[in-house]
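Below: one structure, written as C-alpha cells.
Just so you know, all these numbers are worked out from the coordinates, no wet-lab data involved. Predicted model, so just to flag it, every value in this text is computed and none were measured. All Cβ positions, even for glycine, are placed from backbone atoms using ideal geometry, and neighbour counts span all protein chains on display.
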Amino acid sequence: MLTIYHWEPNANSGKPILAAFEKGVDFESRYIDMLAFEQHAPEYLKVNPNGTVPAMVHDGVLVPESTVMMEYIDGTFPGPRLRPDDPFERWRMRWWCRYFDQVVGPSISMFGWSFFVGPAMRQRDPEELKARIARIPLKERRIAWSKAIYGTFTPEEMAESGRRIAAGVAQLEAALGERPWVAGDSYSIADIAGFNMFAGLPLMNPQVANDSATPHLMEWLRRINERPAIRRSFALGRTELVRRHAHLDRTGPAHA
Amino acid sequence: MLELYHWEPNGSWLKPLIALYEKELPFRSRYVDVLALEQYQPGFLQAARETQIPLEGEGPVLIDQGRQITESLFITEYLEDAYPARPLRPPEPLLQARILASGRFINEVLMPAVSTLGCRAYLVPALQGGARTALATHLERMPVAYIREGWRSALNNDYPAELLEDSRRKITLAVTRLEEALGGGPWLVGASFTLADVDAFAICNSLPGLTPDLVNAAATPRLWHWLKRIRSRPAVGRALACGRGGHPEQAFAPGPEHSRWG
C-alpha cells in the first residue's frame, strides 16, 4: 500500500504524484492543506516528524525527500522507466535534480511565497500566526515560514533569487537545445522535477521565460504539460494553482 | 582508463578515492594542488555544460571515456551504476533511497558547516606569502560567485560570528543524527558498509581535530568507533595515503554554499 501526503500537485508535492501516475502505480492520496498549517499538526507529525510536505509511506515505511521518493517509486514498481539506464545520463539526471532542489527551486519559491503565500497569510490573526510558526519543528523551516509570512525578504535576497532563476533558465535552455530531455534521450525524474519548478515561470516571470528568449524551454514545458500523468494530477488539486497551466495549452489563448 | 582529478584525501576529494579503492577499480590519479589554485590555471580541464556549475564548491572530477563527472556523492553513485562489481550499494530500493536522502542532508547541512570551520581553522593560516598574493590576483577571475566569496572570506578572515555559530549548530545536529543512526548497527544504512558511510565519513574524519568538544570518545562513542572502524579498512588506508601534506584531515577549500533559507 502506497500513500502520498501532498499539497497542491505542483512543486515538491507534484514529484511523487507524477512519478506514480507515469508508472501507473495506484496510491492513496492524502491532501495536506499547507495554508491551514496541517503539515505542523500533531496527526501529521506522527507520519512525518519533520513536518515537511510531501511525505510518502509504502507498506508502513516512510520514504524521505521528494526527489528520492521518485527514485524509490521507479526502483520499486514496474512500468515505464523514469531513470536512464546509461550511467552517465543517470549521473546527469542526479546533477540536475540537485541543481533544481538546492539552487533554482529555493529561488523560485522565494518569489512564489512573496507574491502568493505571504499576502494570503497576512490576512489572518497575528497571534494565531505566531503560534503556528512556533510549532514548526525544523529551525530552517521556521525561519522560511516567518520570512514568507511577514514578507521580510530583503531586496538583495529577492535580486539574488532573480539572478539564480535567470541563470537556471539559461542553463536549462542550453541543455534542451542539445537533447530532447533534461538527462538525455528519455523522459526522467529530472524532467518531472524541472517541470514542477518551471511550469508557472512564463506567467510569473514572462521576461525570463518566453517563446522568443527560451523556445526550447517553452516547447519542453508544453510537451510535458500534454502528458496524461500531468492531466490526471490536476484532479488532486483544490485551489486555483492548477489553472496556472492554462498558459501552456497549445490551443489556449496565446498569453492569458 | 578512469582518471580522477583530486586534491588531498579529505572531504569531497576523499569520497571517490575510497570508492575506487574499495571497488578495486584501476584509475589514473591526477593530483591537483587546490591551494596553489591549479584548477584555475590556463590549460586545466575545460568544464562541460553541467560541470561548469559546481554545486559542492571546490571538488573532484572523474573522467570516464572523455566525459566529466562531478559532485562527490554522485561520482560514487556513478561508479556503482557503471561498475557494479564489489558493490557499495545494496540492491533494495529503500536502502538506496536512504543513501540518497542521507547524502542530501550531509551535502546541505554538514558539508557547508564543516567547510566553513575547516577553512577558518586551516585555510586561513595556510594563506601566507606567495599563496596569498596568488589568491588575490586570481580572485576576480573565479567564475562561480559563492566559491569566489568563500576564498575571499579565507583571504580576509572575516567570517561573521553568526555563521560560525550556525556552523557549530549544524555540526551538532548532524553528529546527533549520526550517533542515533549508528544505534541500530555498525553502519549507517542497512547491514553493510555503503556509500552512505563513505559520504559521511569523508566529511566527519576531520571533526575530532576540528571540533573536539563535539566529537570525542565520551560524547559520541558510536561515531568515534565508526570513524576508527572505517579508518582501519585497507581501501580507506590507501585512499588516505594519497595525500602529500601529511595531514589530509586539515586540507580545506571553499565547499558547498550554506542554504540561503529553509
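Over the Cα atoms, compute the radius of gyration (one decimal) and Dmax (the largest Cα-Cα distance, rounded to a whole number) for region B:93-233, in Å.
Looking at region B:93-233, its Cα Rg and Dmax stand at 17.1, 51 Å.
Alpha carbon centre of region A:180-196 versus region A:68-103: separation in Å?
Distance between centres, Cα-based: 9 Å.
Throw me the Rg/Rh for region A:104-256, computed over C-alpha atoms with Kirkwood Rh, two decimals.
Value, to two decimals: 1.00.
Got a sec? Which residues in region B:52-93 would a label at B:GLU3 touch, if it sits 7 Å along Cα→Cβ and we count backbone N under 11 Å?
Output list for this probe position: B:62-68.
If you take each beta carbon of peptide B:91-103 and count the beta carbons of other chains within 10 angstrom, what is the mean?
That works out to 5 on average.
Based on Cα coordinates alone, diagonalise the gyration tensor for region A:17-143, multiply each eigenvalue by 5, take square roots, and list the semi-axes in whole Å, largest first.
Largest first, region A:17-143 gives 31, 19, 13 Å.
Holding the Cα-Cα limit at 29 Å, pick out from B:LYS23/B:LYS228; A:LYS46/B:LYS23; A:LYS23/B:LYS23; A:LYS139/B:LYS23; B:LYS15/B:LYS170 the pairs that are longer than that.
Listed pairs above 29 Å: A:LYS46/B:LYS23; A:LYS23/B:LYS23; A:LYS139/B:LYS23.
Please compute, for the alpha-carbon atoms of chain B, the extent along each of the three principal axes and give them in descending order in Å.
Result for chain B: principal-axis Cα extents of 50, 44, 37 Å.
Express as a percent, rounded to the nearest 5, the fraction of DSSP beta bridges in region A:2-76 (both residues included) that run antiparallel.
Once the DSSP bridges in region A:2-76 are tallied, antiparallel ones form about 65 percent.
In whole Å, what three semi-axes, largest first, describe the equivalent ellipsoid of the protein assembly as shown built from its Cα gyration tensor (square root of 5 times each eigenvalue)?
Taking √(5λ) for each Cα gyration eigenvalue gives 36, 26, 25 Å.
Roughly what would the spin-label model give for B:THR133 and B:ARG222, points 7 Å off Cα along C-beta, in nm?
Calculated label separation equals 5.3 nm.
Take chain A, compute every pairwise Cα distance, and split them into 5 Å bins from 0; I just need the percent in each bin.
1, 6, 13, 17, 19, 18, 14, 8, 3, 1, 0
Below 8 Å, C-alpha to C-alpha, sequence gap of six or more: please give me the relative contact order for region A:87-227 in percent.
30 percent
In µm²/s, what is D for region A:47-108 at 4 °C and 1.567 mPa s, where D = kT/(6 pi eta Rh) by Stokes-Einstein and Rh is the Kirkwood radius from Cα pairs?
98 µm²/s
Averaged over A:86-97, how many beta carbons belonging to a partner chain fall within 10 Å of each residue's beta carbon?
Going residue by residue through A:86-97 and averaging, the value is 6.
Please work out the ratio of the alpha-carbon Rg of region B:2-82 to 2.2 N^0.38 Å and round it to two decimals.
Against the empirical 2.2 N^0.38 Å value, I get 1.01 for region B:2-82.
Among the GluC sites (Glu not before Pro) in region B:1-94, which ones are in a DSSP loop with at most 12 other Cβ atoms within 10 Å of the Cβ? Mind listing them?
B:GLU24
Taking Rh as the Kirkwood radius, which is the inverse of the mean 1/r over Cα pairs, what is the Rg/Rh value for region A:2-76?
Across region A:2-76, the Cα-based Rg/Rh ratio is 0.94.
Tell me the mean residue ellipticity at 222 nm calculated for chain B from its helices only (DSSP H runs of n ≥ 4, each -39500 (n - 2.57), averaged over every residue, nearest 500).
Helix-only estimate at 222 nm: -13500 deg cm²/dmol.
How about region A:140-193: which GluC sites (Glu not before Pro) there lie in a loop by DSSP and see at most 16 other Cβ atoms within 10 Å?
Taking region A:140-193 and a limit of 16 other Cβ atoms within 10 Å, the loop GluC sites (Glu not before Pro) found are A:GLU178.
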